[in-house]
Amino acid sequence: MVQWERLTQQLGQILGAEFKLGRIPVTEWNEAAEEGKSGKSRYIGSRVHFFLMKESGQVQTIAVEKSVLTPSEKQLVELTVEAYRVQEKRGAATAHSEDERKSQLIRSWISQQLEQGITDAELPESLASTFALYAQKIPLLVYGDYSDQRKAVFQDLKKLLESFFDCEIVLIPLLDKEWLILGPESLLQEGGEGEEETAEDTLASLGLALHEMLATEWMGECHIAVDYPLLPSKSLLGSVVKLREAMTLGRTYHVSDNIHMPWKLQLEKLLHPIGDEARQLFLERVLKRVDLFKDTETVTTLEQFIALDCSVSETAKKLFIHRNTLLYRLDKFKQETGLDVRTFHHALLVHMALLLYKVTKRT
């Protein structure tokens, strides 16, 4: 990383003028008059500013009184600053390459453990120390739904993620389309605006925001699994297993969702090992008429009613229908199946039947 302070001092010593580091809003920089075709400097007030980098809506510059520089000296400063900027980019690329190399080491260790059937083991000290994984981190697993012909680049994704989170993150490529992100626990405090917002709410919001950003700025559609903060040096392997399970369950039972959280998939985890024959038998015994689930309106009504804690008023609002229309649909379902979803026991049975039917109809 170039030490801009040192460059500022060197320029001052060489040219006998006082150079200073400064920051200018991007809008002011863009509006300022350009000198020459390079666009590497701007006259703003009595000073000439030389471009260093853009950061957080501002342009970092080295500035000097324009009256002390001749045109040739100004051109010399532009060339010198540009040479340092190129050096900085090369240094950053080397750092990124080193990050990727270290990430690949952790990836290889995770793969080796899972191939041996080991799902709970601490990171070796030699690996944990590569990224100082001794503090709590928020784990997020990203699976890209992009074409096999497209290839995500480690450096590009890491840069994008650090810009989004506005902090350093650890990025570990697990599979061709699967990436593990470890963000600082401080993101929980930054995400919670309301006093009543729980950690689960904040993590869900973080996942949703990340999905929206990646869907537009990265490779397109993707799925994200997020869990509670963990200590990577102790629990990284177990977290990968847990997040992958949440990803599988979420994509199996909630195909329209993109954010998958383990604490919301407990019932799905319990039902998932049930075989095809047992699933079909359960549906026939509980519903009597499995064909009712082929009706989109019926399924949507039941799912929303159960998701909203069997609240008639809230469900009617969510579906944009009259309360009486909702009651008519629920009564009709009761007449055809004998199940009244306004009672806890029957609502639970229908909830389980809906989950199992989603898997059955695809097998």
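The values are calculated or read from the model by the stated rules, or taken from the named source; none is laboratory data. Only a predicted model underlies this, so the values are computations on that prediction, with no experimental measurement involved. A quick note on method: Cβ atoms are made from the backbone with ideal geometry, for glycine too, and the neighbour counts reach across all protein chains shown. Remember, those area values only see protein heavy atoms, side chains included, never the ligands or the DNA or RNA. Shrake-Rupley method; radii C 1.70, N 1.55, O 1.52, S 1.80 Å.
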task: Pull up all non-local amide H partners of V59: gap of 5 or more, or a different chain, and H-to-H distance under 5 Å with H placed in the peptide plane.
output: I24, V26
GNM result for the chain, Cα springs below 10 Å: residue of M247, M352, M261 fluctuating most strongly: M352
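From the helices alone, meaning DSSP H stretches of at least four residues, give me the mean residue ellipticity at 222 nm for the chain, per-run term -39500 (n - 2.57), in deg cm²/dmol to the nearest 500.
Helices in the chain give a 222 nm mean residue ellipticity of -17500 deg cm²/dmol.
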task: Place +1 on the Cβ of every Lys and Arg and -1 on the Cβ of every Asp and Glu in the chain, take the dipole about the Cα centre, and give the residue among F282, Y228, T70 whose Cα lies farthest towards its positive end.
output: F282
task: Determine ³J(HN,Hα), in whole Hz, for all residues of region 150-158 in sequence, where each value follows from phi through the Karplus function 6.51 cos²θ - 1.76 cosθ + 1.60 and θ = phi - 60°; x replaces Gly and Pro.
output: 8, 10, 7, 9, 3, 4, 5, 5, 4
message: Could you derive backbone 3J(HN,Hα) for region 135-140 from the dihedral phi with the Karplus parameters 6.51, -1.76 and 1.60 (θ = phi - 60°), listing whole Hz in sequence and x where the residue is Gly or Pro?
response: 10, 4, 10, 8, x, 10
- line: Rounded to the nearest Å, the spacing of the alpha-carbon centers of region 322-340 and region 121-142 is 52 Å
- line: The correct ranking of V255, V48 by accessible area at 1.4 Å, largest first, is V255, V48
Cβ charges +1 (Lys, Arg) and -1 (Asp, Glu), total dipole of the chain, debye: 700 debye
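Loop only by DSSP, 16 or fewer other Cβ within 10 Å of the Cβ. Give me the trypsin sites (Lys or Arg not before Pro) in region 278-363 that pass, ordered by residue number.
Qualifying residues, ordered by number: K288, R289, R342, K361, R362.
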- prompt: Which loop-located trypsin sites (Lys or Arg not before Pro) does region 169-253 contain, where loop means any DSSP state but H, G, I, E or B and the Cβ has at most 16 other Cβ atoms within 10 Å?
  reply: none
task: Identify, among L243, L187, L319, the residue whose Cα sits farthest towards the positive end of the charge dipole of the chain, taking +1 on the Cβ of Lys and Arg and -1 on the Cβ of Asp and Glu, with the dipole about the Cα centre.
output: L319
- prompt: Equivalent-ellipsoid semi-axes (√(5λ), Cα gyration tensor) for the chain, whole Å, largest first?
  reply: 56, 26, 16
Dipole of the chain, positive end: most advanced residue of F50, W263, A17 [Cβ charges, Cα centre]: W263
field: Estimated vicinal HN-Hα couplings, Hz - region 271-281 in sequence order (Karplus 6.51, -1.76, 1.60; Gly, Pro = x)
entry: 7, 4, x, 5, x, 4, 5, 5, 4, 4, 5
